[in-house]
Every structure is written in structure tokens, then in C-alpha cells.
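Heads up: the structure comes next, in C-alpha cells.
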Amino acid sequence: MKHESPPRRGHVRVLSSALLALAASSILPASAQPSLPPGVRGGPATGMATRSVSKYLDLERRFQEALTNGDRKSVQSLLADDFEIRTLPSADAIGADEWLRRELGSRRRDGIVRDLGVREIDDVAVVSFLFEPAPAAGPARSAPTLFVVDVWRQSSGKLLARYVDRPANPPPRQSRPSGRE
Amino acid sequence: MFMKTTIAAASLSLCAGASLAAPPSGAPVAPQAYGAAAGMHHEVEDLATRGEPPMLGIHWTRELHAAHQARTNRTVMTYHGGKIMGDPSVKAIFWGSSWGSSGDKIAGIDSFYTGFGGSKYANTTIEYTDSTGTHVSPNSTYGGHVIDTSAASGGGSTSAILAEVCKVITSPAGSGNGYYPVYTDVPRGSAGYCAWHSAGTCGGVQVQFAFFFKLDGDAGCDPADTSGLHSQGLAALANVSGHELAEAMTDPANPGAWYDASGSENGDKCAWTFGAPLVTFSNGSQWKVQGEWSNAAYNAGTGYANSSGQKGCLSGG
């Protein structure tokens, strides 16, 4: 799945940007030198999301919030009748009832959905994202970042399938000013 | 098989707090009435009803206060200490070899920015203040456009776009309130964003700037303007131009100014929602532009709902 993710091409972008800046500095008078402050906000990573990204960010947010709140009714309303999930440690499919029993019966933490991508194929939307649980308080170990792929039927707004994996080296979250996380 | 691919990097924080019933709708309170009070931390909801004295200083129970704070703080925008824009000084840059023949886009963008200043739409931003209590100014001026027919780069490099701004804007506004939107002829492709804004300096002078893809025939960035007043490409650019300028006015630079706990700015929080079929600008031009977030309207329950059902968007119509 194609993914416009700054961290994966980050080093190439940084090099390209550096070369461009170097070239620009050699031809521009000193008075017009462009300068980006360190840690500048804005730019591609925080741009105006497309309709699809906005739509599925909102949908995934509602879905995750319902799971976190233990709102079985809301979660079920978003699942297709034949919903299945495949995740570690077994790659076998788990149906909605079993999955909900496990999910809603365990303590879920707040978290961040990031690096969300959408691919629309006819009536299906394949949505991928990284889910980063909030840091654990006290001595409890923080849960790992997960890579989630959701398959939605667009016409019904129902989740057909979910695939979850735990990447060994998830791309780092981009640094942001304090208060944005 | 028809496939559309839109990919983006985005982050979003999720709220696990208890849900609360929405406060009862109060008497309509114009955003301006909140003024500086709307600026800092919204710890009190306006439960005023028409004809009744305002109910202020609500002392919530511990549980409700914590949950209310968690929910409110994630919904409203808060101030992060940075600058806001004074009177924006706008000059559009059209970059790319195909701008020699642009249809209605160049004249249309000229009209858009000419009419933006002093419009009700621009006024949706004025409730936000900086640390001195100074409000965002809606009184933008438009200094026309520049066309650069050299080959444009895409939006992946912020510094490349800033370099273009510094190249063609030889005398940026000395006030530091210059805003230079760069309209390229580069199609969006698989990028998950339509445009973005940022800030930097040219020769030591603070500038704000924005990048726009060519949005002709791009359903992912199309407001679906059926008025017939503008070409599809111009209508798309106008909508995202409103989004980016409103954000640049309220959260222009580093450190940031106004955004919510997930990093969403006023334009983000109302993206792809339209409170009015067309919004009339100060020069009589009409545009289908998204709403902009208002903390004041949200707290008063007088805004229209964004895609999350939060009634804090103002159409400016």
C-alpha cells in the first residue's frame, strides 16, 4: 500500500531540501535568504486533508472512542454482519462476537491514530494507520504501537475486516510543539 | 476498475472520557461578545437563556468537571503562546509553466483575496487573541499576483516553497504579516492533502505562505460547487484558500497559537463542511467555502455542526 509518510522518505526529503536550500543560497542575494525556523509547524504533514482522509479519520476516531468507552452498541453498529479480524498471535480469523468479548472485557487506553492512509477501490475503502497507545502511568508497561488495516464498505459505512500487526520499528512520530499530542 | 488513492500523514488524539449531555443551547452570543474572554481557557460554559441573567462561574462536581474539562479541552482550540496575524498583506504567486493560460483561476483568486478582507468570513477569526489581548485582524489587503512560469515543485518540501516565495517576493511586508499563497500547476497525485500553510523568513523578514496543488478534476479536494459561478478548478482553490488563510491568521508560526489538543486548527475542525451554499465576500463575489471553527459559537451552541457533530463552525455567510 502506497503511503505518503514523511518518516519513510524523510532522509531523502531532508537531503533534497538541503540541496535545494544550498542551491538557492548560492544564487539569491543575502537579503532574500529563505529561512525556516527550527521545528516549524505547518507544511505537508499538517496540511488540509482530502475528503477521504477527513472522512475516515472521523470514522476511525468514533470507532476507537466507542471501543475505549466500552460502548458495545456503538461498536456493533459499525461492524458488518460478517466482520472478521486477524491479528497476532494467531492469524486465524476471529468473528465479531469473540472479538468484542475480548476487546470490551479488557482495559483500553487512550491513544493516537497517526499516519492514516486511504485507498478507495469501488465501494471499498482500505484504511491503514498506526495506533499509538498513550503512555502508561506508573510502573505499568506501555502498550506497543500497532499497525492497523481496516476494510470498510463505503456505501454502508460498515467495517468488513481488520488486520492488526505490531511493527518492529514503527516510524517515529514527527516532533510537534508541546500541547499538540 | 476505478481507483482513487489518497494517502496522508495525520495525527489525531482520541478521548476516552465519559460522555456528557451537551449543555442546553444558550441565547445566541456573537463571537465578538466573547472577545478576550474566549481567548484563554474555556472552563465555563455559557448556559444563559434568553431574557435571563447569565449563569457564570458554574462549579461542577468533581466527576463532571474532570470529564467536562477533558472533553471541552479536546474540542475547543486553546492558545499556545505564539503570534497571530495582524492585518494580513496578501500577494498570490502562480508558479508553473501552464499559468500562461489559466482560464478563470488567476482573475478568480484575485477576486477572492480582494473580497476576503473585511468580509464576514474573515470575521470568523477575530475572537482569537494573542498574549497581549490583541485580536486577529480580518482586514487583509491584497497586493495582486505574481506569475512565475518556471517549473514548479510539489508540496513535499516546505523549504522549496519558501524559496520560491523569497525569490519572487523581493520586498516582503515589513510588518511580518505578509501572506504569500503559492498556486502551482502540479497535480496532487496520491498526496493525502490538498494544500498547507507554513511560515519562515525571507531576508530576516517573517513571512507566512501556503502551497496549493492544481485541483482541476480532483474529487478529493472538490467542494462540489454547483453554482455555476466558477470553474471547478477555481472553486476548489477558493475553498482551500479560505481554509489556509484562516489558519494562517490564527496559527501562523512557531511556536503555535490557536489549535486544539489534537493539533487541529480552525480550518481543520470544520473541513469539508459548509454552513451556507455560498458565502458573499466584501466585494460581492460569492464562494462555496467551508466554515471556520469558533470556540465562542461552540460554547454557546450556536455554530453549525462539523463532521464530528460539534456545533462550533461558522459559515461567515
Show which lysines lie in cross-link reach of B:K91 when reach means a straight Cα distance below 23 angstrom and same-chain residues fewer than eight apart are skipped.
B:K83, B:K105, B:K120, B:K167, B:K214, B:K288
Where the centre of each part is set by its Cα atoms, how far does segment B:215-240 sit from segment B:160-179, in angstrom?
27 Å
Proxy exposure order for B:H145, B:H197 (fewest C-beta within 10 Å first) is B:H145, B:H197
If the chain between B:A219 and B:T280 were fully stretched, how many nm would it gain, using 0.36 nm times the residue separation less the Cα-Cα distance?
19.6 nm
How high is the FRET efficiency from A:E103 to B:S171, r the C-beta distance, R0 60 Å, rounded to 0.05?
0.50
The extension gain from A:Y163 to A:V149, computed as 0.36 nm times the residue separation minus the Cα-Cα distance, is 4.5 nm
Between the alpha-carbon centers of segment B:181-212 and segment A:53-84, tell me the distance in whole angstrom.
34 Å
Under the rule a/c < 1.5 gives rounded, and otherwise a/b versus b/c splits prolate from oblate, where does segment B:169-317 land using the Cα gyration tensor?
oblate
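Any read-out appearing in this document is the output of simple, stated calculations on the displayed coordinates, not a laboratory observation. Computed from a prediction, not measured in an experiment: that's the story for all the values here. FYI the Cβ positions are ideal-geometry reconstructions off the backbone, even for glycines, and counts take in every protein chain you see.
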